[in-house]
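Note sheet for the following structure.
The values are calculated or read from the model by the stated rules, or taken from the named source; none is laboratory data. These figures come from a predicted structure and were not determined experimentally. No Cβ is skipped: glycine too gets one built from the backbone with ideal geometry, and neighbour counts run over all protein chains shown. The protein model used for the area step is the full one, side chains on, heavy atoms only, and it has no ligands, DNA or RNA in it. Shrake-Rupley method; radii C 1.70, N 1.55, O 1.52, S 1.80 Å.
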Amino acid sequence: MKLDEQLTTIDLLRRREFPAQRVRSAPVESGPGFHIADLRVGQDFWDADPAELAEAEEEFEAALTALVQALSLRWGEPEVVDLEGALERTAQGLPVRPPLDTLCGFVPRMYGWRVDGRWIGVGVGQGARELPWQLLVAVGEAEVTRRAGGQ
């Protein structure tokens, strides 16, 4: 997906109503108070050498940087949200607000903005070394990141 298509997807998701229950359709997972969508997904790395992994990481980080720059032109500088606290809470069996409860397992940080009563975050991650890199957008209620650990 090209940058203009990613921006269109973000605009559509930030205007979409949140469903009452968790649902997944194609590249979008939604639930009460959130949407998460893949903007770009790489290949699996089951037999990849370290050079391929490093190249893929660089490509996805560059795509994230371009997206953050485009969104910053619209909404100003982003808030950087470190998801380590949310991951620790999840590991301890403590509650974490959606969409951070899902994202913290494979995205280390998100770049986010509060726009029209919603939080829009973008990030890049990989669930495990052999899994594909993903460039994601998450849309949530504006207060999703206001308290430590995402809760």
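Quick one: among Leu87, Leu53, Leu12, which has the greatest mean-square fluctuation in a GNM of the chain with alpha-carbon springs under 10 angstrom?
Leu12
Hey, can you find the accessible area per residue of region 1-55 for me, probe 1.4 Å, expressed in square angstrom?
Ligands and nucleic acids excluded, the figure is 64 Å² per residue.
From the P(r) of the chain, can you give the percent of Cα pairs sitting at distances over 18 Å?
56
Would you tally the net charge around Glu130, using a Cβ to Cβ cut-off of less than 12 Å, leaving Glu130 out, and scoring K and R as +1, D and E as -1? Please list the in-between numbers first.
Working: positive: Arg129; negative: Asp44, Asp47, Glu52.
It works out to a net charge of -2.
Give the carbon-plus-sulfur fraction of the accessible surface of the chain in %, rounded to a whole number; probe 1.4 Å, heavy atoms of protein chains only.
In the chain, the share of accessible area belonging to carbon and sulfur is 50 percent.
What residues of region 107-146 lie in the reach of a label at Glu5, counting those whose backbone N is under 14 Å from a point 7 Å from the Cα along Cα→Cβ?
Hits in region 107-146 for Glu5 at 14 Å: 135.
What relative contact order, as a whole-number percentage, does the chain give when Cα pairs under 8 Å and 6 or more residues apart are counted?
28
For region 1-84, what are Rg and Dmax over the alpha carbons, in angstrom?
Gyration radius and largest Cα-Cα distance of region 1-84: 15.3, 44 Å.
Using 0.36 nm times the number of residues separating Asp47 and Val115, minus their current alpha carbon distance, what extension gain do you get?
Computed gain between Asp47 and Val115 is 20.3 nm.
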